[in-house]
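Written below as structure tokens is the structure these notes are about.
The values are calculated or read from the model by the stated rules, or taken from the named source; none is laboratory data. None of the values given here were measured: they were computed from a predicted structure. Cβ placement follows ideal geometry from the backbone for every residue including glycine, while neighbour counts extend to all protein chains displayed. Side chains are part of the model used for accessible areas, which takes the heavy atoms of the whole protein and leaves out ligands, DNA and RNA. Shrake-Rupley method; radii C 1.70, N 1.55, O 1.52, S 1.80 Å.
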Amino acid sequence: MTDKKIEHAQLNWRDEQPESTQFGDIYFSVEDGIAETEHVFIQSNQLPERLASLDKPMFSIGETGFGTGLNFLVARHHFLTTAKPQQTLHFISCEKYPMRLADLKRALTPIGAKEPFAEGVDQLVRLWPAALPGFHQLSFDNGRIQLWLLFGDAAQQLSQIDARVDAWFLDGFAPSKNPEMWHEGLFKQLARLSSENTSFATFTSAGIVKRGLQSVGFEIKKIPGFGRKREMIHGQFIQARDSQSQTKPWLARPTAQERGKNCAVIGAGLAGASVAHALAERGIEVDLYERAPKPATGGSGNPQGALYAKLPAEPTAASRVHANGLQFTVNQLKALNLDDQQHADLCGVLQLAVSEKDQKLQQKLIEANNYPESLVKRVSAEEASELAGTTTKHSALYFPDAGWASPPKLIDYLLKHDNIRSHFNCPIETLERDGSQWLINGEAYSQVVICSAYETELLTGLAKLDLKPIRGQTSWCSSEETPNLKTVVCGEGYISPALNGQYCFGASFKVNDTSQDLKQAEHQHNLDLLQRALPELSESVQNRELSGRASQRAGTRDYLPMVGALCDTEKLVEQYQRLSVDASTEFNDTAPWLEGLYVSVGHGSKGLITCPIAAEIIAAQITHQPYPLEQELVDILSPQRFAIRDLIRAAHSKG
């Protein structure tokens, strides 16, 4: 189970060099940290030679202690100057005590002053995530380098990732000062994620490390250490990896198939555009099909949407998906330079406590202290009014790094990619299996991803997803001669700062309503929500002409999206019928996968924080790369979950 809360690194500074007070140890050599990294990790893993002769698309480095990021920055420099332009680097690094952003900036100031590392330092500081437990996938150098920051205990976090590591940087504080990290569980995870000839290097030659690595199949060699350190060890993995998985068959990755060069995506909303872009970035040619004459005509068509996550006092699996999804979207916008006040604006979000119940829940959240202040903090009504630029009588939770995004503008950007061909006015009537491929309008594809909200008729006879339409109407009006709203404000509804002279606010929530006409009653509903949140702003727009938009979102039973590879539902229920008798039954077979068929649907009103990370999950499945979320969180998004839950519920009712 992932840690509930992450503690920041506690530091002393000696001549601008950080020292951990938790472990009483320094992060890197006082003499020359870069030279130390070169000797201990770069040269001892033979990275220059291996990267120069690399004959595969990707190289993967794993690390057990991120610290200041120095090892990552040096490895990045070597990769960019040595590997071929089309090759990518995956860097997976654990950190139990991540630095605060201010400390990271201070620690890296001397490194950033050196020309080879300046750009890397700038990107790392810009993308540094809030200290939430779990995975944070960050994109560097136009996608050529992907960094996974795994915040939490190293062994625990590595148990949640599926990856193939080529070289290990076994860093972290010395075993004598950090014995909790260097244990059997960690060594087993290193072996699980290694292949034959995976290399490793570490600064220490402590017996507990040597014995632990040898016990799981690593060959050990002693070599001279750096500086005043007499010895260190390096070596490689020589034992065949254990390929057995304890994952439930319907949650496992489908059996690896030969990746096709082309993929079809159905639906040009935010879900479809995100999937198409994620695949295109990996070199896959994508045909995107949309029955409408342009993208973003469904639930993704509103000019603005609030970019934030509603968090409970005690984190749940669902709230972790939303919180990490928010972080992922925010970092994607930063990496693509889309926080430009047109595509998006990370202007902050105020979540108002408009009722006594809200006040109690927010107070409980703050007292529980499970979230870092860089993600969310409480502010008074006066502070909220100052932040918003208009009066509110309510205290609030403030999300300083959140804001709004324009789904249509974001979609347009994502679809402008050389590997994406968009086909509009092109409804898909049938989806048929032809041998190892899928046929769409006579065209054959190795993979098809359905991103059509609640409309899944194409899957009839293949998979049952149990989605429902939810109507939402937003209201729009001129922002002339009104208070200058400076942040997104959410209460019972939401309103964003004006975009191109227009406010967008709302929204209604009508389950199983498929109508799309504008309704005055819902305009009034939106005005009433605005009045309770921001009376001064509400008063200034009360008599203005309102336009707006109504569309359907797709909802699921648990209000989480369905993401990933699909099984044949009828065969799934038949194959695992035993669960309806004994819910504890274990299986060691292969689920009835519909090979090459995937979905990203059911995002509801949270698409801005779930569509981008869902796209990465699907791209990772198709290309056999690590997920952007922990395995246990990917599992709760499985499209098979309701069919399996119904079987298990039947067993419980019999019991």
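What residue, among those in the range 423-460 that are buried (at least 20 other Cβ atoms within 10 Å of the Cβ) and in contact with a Pro (Cβ under 9 Å, 6 or more places away or on another chain), is nearest to residue 350 (Cα to Cα)?
453
Can you name every residue in the range 14-41 that is assigned to a strand (DSSP E or B) and either in contact with an Asp or Glu (Cβ under 7 Å, 6 or more places away or on another chain) or open to solvent by less than 60 Å² (accessible area, probe 1.4 Å) (or both)?
Within the range 14-41, 17, 18, 19, 20, 25, 26 meet the criteria.
Scan the range 57-114 for residues that are of a type in the set (S, T, N, Q), more than 22 Å from residue 626 (Cα to Cα) and touching a helix residue (DSSP H, G or I) at 6+ places or on another chain (Cβ under 7 Å) and jot them down.
Passing the criteria: 68, 82.
For the range 42-55, give me each residue that is in a loop (DSSP other than H, G, I, E, B) and of a type in the set (D, E, K, R).
Selection gives 55 alone.
Restricting the range 121-169 to residues that are touching a Gly at 6+ places or on another chain (Cβ under 6 Å) and in a helix (DSSP H, G or I), which is surrounded by the fewest Cβ atoms within 10 Å (Cβ to Cβ)?
Of everything passing the filter in the range 121-169, 155 is surrounded by the fewest Cβ atoms within 10 Å (Cβ to Cβ).
Select, from 44, 53, the only residue that is modelled with pLDDT of 95 or more, crowded, with 20+ Cβ neighbours inside 10 Å and of a type in the set (S, T, N, Q).
Only one candidate passes the filter, namely 44.
Looking only at the range 380-391, which residues are open to solvent by less than 10 Å² (accessible area, probe 1.4 Å) and not in a helix (DSSP H, G or I)?
Restricting attention to the range 380-391, the residues satisfying the condition of being open to solvent by less than 10 Å² (accessible area, probe 1.4 Å) are 384, 388, 390.
Passing the criteria: only 390.
Report every pair of residues separated by at least 6 positions or lying on different chains whose Cβ atoms are under 7 Å apart, first residue within the range 186-210 and over 15 Å from residue 173 (Cα atoms), second of a type in the set (A, V, I, L, M, F, W, C) and open to solvent by 40 Å² or more (accessible area, probe 1.4 Å).
196/238; 196/240
Got at least one residue in the range 397-420 being open to solvent by 10 Å² or more (accessible area, probe 1.4 Å), part of a strand (DSSP E or B) and over 25 Å from residue 560 (Cα atoms)?
The answer is yes, given that some residue of the range 397-420 is open to solvent by 10 Å² or more (accessible area, probe 1.4 Å), part of a strand (DSSP E or B) and over 25 Å from residue 560 (Cα atoms).
Among the residues of the range 103-116, how many are of a type outside the set (D, E, K, R) and free of Cβ contacts under 8 Å to residues at least 60 places away in the same chain?
5
Right, residue 306: of a type in the set (A, V, I, L, M), at pLDDT 95 or above and out of contact with any Ser or Thr (no Cβ under 7 Å at 6 or more places or on another chain) or not? If you could, list the steps in order and put the result at the bottom.
Values: of a type in the set (A, V, I, L, M): yes; at pLDDT 95 or above: yes; out of contact with any Ser or Thr (no Cβ under 7 Å at 6 or more places or on another chain): no.
The answer is no for residue 306.
Residues that are over 30 Å from residue 604 (Cα atoms), modelled with pLDDT under 95 and among the acidic types (Asp, Glu): find the strands (runs of 3 or more DSSP E) completely inside the range 213-299 holding 1 or more of those.
Where strands (runs of 3 or more DSSP E) fall fully within the range 213-299 and carry at least 1 residues being over 30 Å from residue 604 (Cα atoms), modelled with pLDDT under 95 and among the acidic types (Asp, Glu), they are 231-237.
Do we have any residue at all in the range 431-443 that's touching an Asp or Glu at 6+ places or on another chain (Cβ under 9 Å), more than 26 Å from residue 619 (Cα to Cα) and either modelled with pLDDT of 95 or more or of a type in the set (D, E, K, R) (or both)?
no
Answer with yes or no whether residue 219 is open to solvent by 50 Å² or more (accessible area, probe 1.4 Å) and touching a Gly at 6+ places or on another chain (Cβ under 6 Å).
yes
For the structure I just gave you, tell me whether residue 466 is free of Cβ contacts under 8 Å to residues at least 12 places away in the same chain and either within 30 Å of residue 594 (Cα to Cα) or of a type in the set (Ser, Thr, Tyr) (or both). Walk me through it before giving the result.
Details: free of Cβ contacts under 8 Å to residues at least 12 places away in the same chain: no; either within 30 Å of residue 594 (Cα to Cα) or of a type in the set (Ser, Thr, Tyr) (or both): yes.
It is false that residue 466 is free of Cβ contacts under 8 Å to residues at least 12 places away in the same chain and either within 30 Å of residue 594 (Cα to Cα) or of a type in the set (Ser, Thr, Tyr) (or both).
Can you name every residue in the range 312-330 that is out of contact with any Asp or Glu (no Cβ under 9 Å at 6 or more places or on another chain) and either within 13 Å of residue 609 (Cα to Cα) or not in a loop (DSSP other than H, G, I, E, B) (or both)?
Within the range 312-330, 319, 321, 322, 323, 325, 329 qualify.
Is one or more of the residues making up the range 109-120 farther than 25 Å from residue 326 by Cα, in contact with a Gly (Cβ under 8 Å, 6 or more places away or on another chain) and open to solvent by 50 Å² or more (accessible area, probe 1.4 Å)?
No - not one qualifying residue is present in the range 109-120.
Would you list the helices (runs of 4 or more DSSP H) that sit entirely within the range 539-655 and hold 1 or more residues that are farther than 30 Å from residue 194 by Cβ? Please lay out each step first, then the result.
Working: elements: 569-575, 607-623, 631-635, 641-654.
Per the criteria, 569-575, 607-623, 641-654.
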